[in-house]
Structures are given as C-alpha cells and as structure tokens.
1. Taking a quarter of the surface of the convex hull around the Cα atoms of the protein assembly as shown, what do you get in nm²?
2. Say the cut-off is 30 Å between C-alpha atoms; which of A:LYS190/B:LYS71; A:LYS71/A:LYS162; A:LYS71/B:LYS250; A:LYS81/B:LYS250; B:LYS49/B:LYS98 go over it?
3. What's the exposure ranking of B:TRP64, B:TRP325, going from fewest to most Cβ atoms within 10 Å?
4. Might you report the magnitude of the Cβ-based charge dipole of the protein assembly as shown about its Cα centre, with Lys and Arg at +1 and Asp and Glu at -1, to the nearest 20 debye?
5. So the label point goes 7 Å from the Cα of B:LEU298 along Cα→C-beta, right? Which residues of the range B:186-214 then have their backbone N under 20 Å from it?
6. Using only the alpha-carbon atoms, how far is helix A:115-128 inclined from the longest principal axis of chain A? Give it as 0 to 90 degrees, nearest 10.
7. Report the label-to-label distance for B:ALA81 and B:LEU145 in nanometres (one decimal), using points 7 Å from each Cα along the Cα→Cβ vector.
8. Which distance in Å, rounded to a whole number, links the C-alpha centroids of the range B:336-387 and the range A:73-129?
Amino acid sequence: MIYPVLEVIGLVNRFGAQLVHDGLNMEVRADEVFGIVGGSGTGKSVLLRSILGLQRPQAGIIRIDGRDITKMSASQLFGVKARYGVTFQQGALYSALTVLENVELPMIEHVVIEAAARRELAMLKIRLAGLPADAAEKYPSQLSGGMIKRAALARALALDPKLLFLDEPTSGLDPISAAEFDELILYLQKQLRLTVIMITHDLDTIFRTCNRVGVIVDRHMEVDTLEGIVNNPHPWIQAYFHGERARERLGTHGT
Amino acid sequence: MSALPNILEVRRSTDGLELELTGEWRALRFPDIDGALATVDLAGARRMKISTARLQALDLSGAWRLHEFIKQARAAGVEVAFEGAPPDQLRLVDQTLKGESPPCSQQTRPIPLSPIEELEAPALRSLEFLGRHAVLYGRDLVRDLAFLGRMSVTAARGLTRTKRLRPTSIARHVYDTGITAIPIVSLIAFLISVIIAYMSAQQLRNFGAVVFVVDLVTIGVLRELGVLLTSIIVAGRSGSAFAAEIGSMKLNEEVDALYATGVDPFEALVLPRILGLVIALPLLTIIADIIGLAGGALLCRFLLDMPLTQYITRAQGAITATTFWVGVMKAPVFATLIAMAGCYRGMQVRDSSRELGRLTTLAVVQAIFLVIFADALFAVLFLELRI
C-alpha cells in the first residue's frame, strides 16, 4: 500500500480556552509542493510544531510515511526525524557553529560516517543550496539574510530527506532574492524528487512554486489546487487571493 | 527490505568487474555503502560495468559515494561504463561539484577548499600566540576605560535630570536584586555566624575565654563577613542576570533598536541596574548583619548556655556604631563593581550564544574577584586610618 507522505486527520489543538485547530485534515502526496496559508494567529506554526512532534495535539492522527507520530515514543520519533528536513523562519542556525558544522551536525547525530567524507558531503549540500564554498567557514552572524536561508536549506538537506518543511522560506528577502530562492526550491524539488511543505505569506512564492494549497480558516483547512483555491468562496480566501497584488499575479497566470 | 547490508554484488570476469547495485543507497545507510565500496578490489581490472537496474533508491549521499568511487577507479586506469543510462543523481553531483548547479546559485566559480593556513614552526606559533594575546588584552583595557568613561558621563547627565534616572526601572532592579534575595542572604548570614561562633567557642574554651565568642561574631559579621558574603551571593545571582539579560538583548538586536529609537542603552539598561544594586546591596547587608547577630545570639544561648542579657551587654562593649558603618559603607562600592562587571560583559556579547555563556561566566568571576580585591584595599585603608 502506498501511503501519502503526510496525512493529518482530525487534528485538535487547544490552549486553555482557545481552540486553535478543530478537526483539521490535510494530505500531502509525494513529489508535490504544498503551501500552507493562513492569517496571523490561525495556527500555522502550531500545525507545523504538531507535525514535527514538538508538541502533542489534544486529538487527531498525524502520519508521516504511514506511521502515526502522535503515538510514538521519543526514540521512535528520533528515527522519523531523520526522514525530513526543516528550515525555520529565522534560519535557526546554531550561532556557535560555522555553516559547515551546522550542516554536519545532523549527519553526526544520525549516521556513522568518517569525518573527511562527512565534510565533503556537507560541502556538496552547501554548494547545492547555491552558497559559495567560502561561506562554509563563516559563522551565521557573518551571513546575509539570503545566505542564512540557503545555509538553513543546506542543513535541512543534510540527510537527503524526501520530505522538506519550509517555514516562511522567503520572508525577509528582497523580491529578487525571494524569486531566486523559489527557483532553487523548485530545482531541488525536481532534481531530488522532494515533497515540499511550506508555510508562506508570499503570494509570488505560492503562485511560482505550489501545486496545491491548504488555507487554514475557521480552525480547519481548505485544501485545493491553486486554481481551485483561488475560486473558493470563503471570504478570507477571497480577500487573500483577490487583493490588488493577487489580481496582478492572476492576470499573468491565466486562471 | 532486509537489514543486511546487501548493497552491492560484485562479479569478476577475465579483464573486468561487474558491479550490481541493489537495495537502498541512502544517507542513513552510508556506513554500509562506504564499507561495501571499500572492499571492491580494483587491482587487475581494466573495465568496470555498473548496473543500477535493481537499485531501489539512490539519494545524493549515496550518489556522492558512487561518484567518488568512480573517480578513484578512473584514476586507477579502469574504464567505467554503465549498463543503461547513468543515474540522474550522479549527474547532479557532478554538476554541483563543478559549480554548474544549481542554476540560480550565488557562487561565481567553485572555490577549492583550502585548509586554514597555519604557521609551521612551533616557536613562531607561540610568538604569534603571545603577540595576539598582548594586542587583545591591550584592546580590552582600552575598551574597559571607554566603558567606565561612558558610564560616568551617563551617570553625571542622569543626576542633572531625575527623569533620566528612570525611577520605575530602578525600583524593578531593587526588587529583583534586593527583595527576592532576602531569603538566601539571611540563610547564609545565619549559617556563617553560627559556624564562626561554634568554631571559635571550641578554641576559646581552652583559654577559658568563651565570652570572647561574642566579640568575634559581632565584629566579624559587622565589619567583614556580612557585607562580603552578601556581595558574593549577589554577584552570583544578579551579576550573572545582568550579563545574561543585556547579552541576550544584544543578540536579539534589542540594544540596536534602542540606539535607533534615540534611547541611550547606557541610560536605559546600565544606569538603572547600577543604581538599583547600589540601593539594594546596603539594605541587604543590614539584613545580613541583623540575622548574623541573631544567629550568634541563638548559638550562644543554646550551645554555650550564655544568657541573652550577657550576650547583649558583651556585644555593646565590643562594637560601636563605627563597626557597623565600616561594613555597610563598603556595600555601595561593591554594588557598583558587581553591576558594572555584569553590564559591561553583557554589552560585549556579540554573534553567538556561546559568547553569551562565556561572558556571563566572566562577569561573575570578575565581579567576585573585584569585590574581594576592593575589600582587601578597604582593610588596608581602614588600618591606616585606624578605624
């Protein structure tokens, strides 16, 4: 049986009296780029944290490669964590380590590998993320915003995951860098046959990269193809996709 | 999927090798892949045929190892060919290493990795070490002075206008560094006075001079131990807190944000902490003195069977108001040293969380050192002044 890469069924997250998710469902298939959209405070980060096993939901099932992670022990989760890569909004690079050491860290944790080979392999990932080789010896504080995003991507790819989570990959980048980063993600997605799940606010990124989009509204998720979601009658989705900037994009997109 | 490292099948013909890749060539199985390829004996082979038909998965790590193996084989003069098309991943590795990939890369040309340059001779290296550290310490000294100057200017400016002193902020620091420290300071003062009384009683009993225990405890606590121990506890509690708070604000660029809004961080962050501690530490010292004297009294009453009235009469004979003031007047000086060490190191934090830890440690160590050093100077001063 072939499982979807990621499956979330009936997810409920509650903080005190505040209900964040109430029966949220989503399914991500292999080799697609799935965008998660939602207003501020609708629980995008909570959703991501639940999927990554950083917090346990009150109810619901989260399956990665067909295995429910909400019922796993810490040691089982450790194994699952080697199967996906994550980049965080601010990069979350370890500030005391160089870029090279940042990329090597997941390898040290999960694979027994000779230091020289590990170094070469990490360099390969750094180059694959489009960073110049001399960035490898730099510390995160010496990098520009765009380079931090690329270094975080290189670290996320360290163990060659099939599934990649990106939290606001293009936030804080200028439009040209953001476009380049989108292209990089698409290129890597195609070359490495990745499944990409990204949280983003950037309409340009959504239209450039995503195959399907899930919008969190009213504590659950509306999932559809890009064309489908644009025509969804929900007022928030209408407002989001039919603002002035969105209309410009739609004009060139031909929907 | 079997757990065995069935990664590779090798068949030998007259002049060549046939490699059949099987199973999953993934990063997580890198040790198996590495081991399997390392056992392939290239000697005597002239041709090598690689078949990937039975390969279930090949990720970039696996492809890189294969790429390295092929490179090694070619270098040994072996002709390498694939049965069918070579896997795409191999091409990707090749392109990336050549710097042709990804298309939107920021790299201009592939720069070969060069090891960090090192001086060969150990004599030169130690000379370099000496020079580097001399320069670093010199710069440190200049920065110390700059901080001190900056602080003095801010304090002088603050004294002209009370609004600049930020009373709310000072009150918060008095609470954090003073009031919340009362329980631990009291406990330590109590225990120390009990220890001194007990130890000295054992010795003085030999001379039949147990009554002098009172002199020792009261003078010892009031002149030295009350203020010194309180300062050391506060250095550990609040010196570290100052360095960590300001340091993490530096890392978060909050200090830069203050500058940008036109607020002087020295005025908003450093001065209130120093003034807060200058107010709190003398008060804590007074509390420590009281508890210390009470502890001594308690021990004398219950362990040495000395009536409380006798303790009080003896204490009144031993100490004067000066004894008390000598202790308490040191507190503001110690407070300034502790707060300055904490704030100064906090402001030095840059770039990484490791720096934060290093400088917080340094702040506490230096604060305690400065307190004890200043106490020694005071001891000499009071001796000269015959106080």
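Throughout, read-outs are computed from the coordinates displayed, never taken from laboratory work. Predicted, not measured: the structure shown is a model, and the values here were computed from it. Glycine gets a Cβ as well: all are built from the backbone with ideal geometry, and neighbour counts include every protein chain shown.
1. On the way: hull surface 175.9 nm².
The orientation-averaged projected area of the Cα hull of the protein assembly as shown comes to 44.0 nm².
2. Working: A:LYS190/B:LYS71 26 Å; A:LYS71/A:LYS162 22 Å; A:LYS71/B:LYS250 40 Å; A:LYS81/B:LYS250 32 Å; B:LYS49/B:LYS98 24 Å.
Checking Cα-Cα distances, A:LYS71/B:LYS250; A:LYS81/B:LYS250 exceed 30 Å.
3. Working: B:TRP64 27, B:TRP325 13.
Sorted ascending by nearby Cβ count, the order is B:TRP325, B:TRP64.
4. Values: 65 positive and 65 negative charges, 299 e Å.
The dipole magnitude comes to about 1440 debye.
5. Once the point is set 7 Å along Cα→Cβ of B:LEU298, B:186-202, B:213-214 turn out to lie under 20 Å by backbone N, inside the range B:186-214.
6. The angle comes out near 40 degrees.
7. That separation, rounded to one decimal, is 7.8 nm.
8. 40 Å
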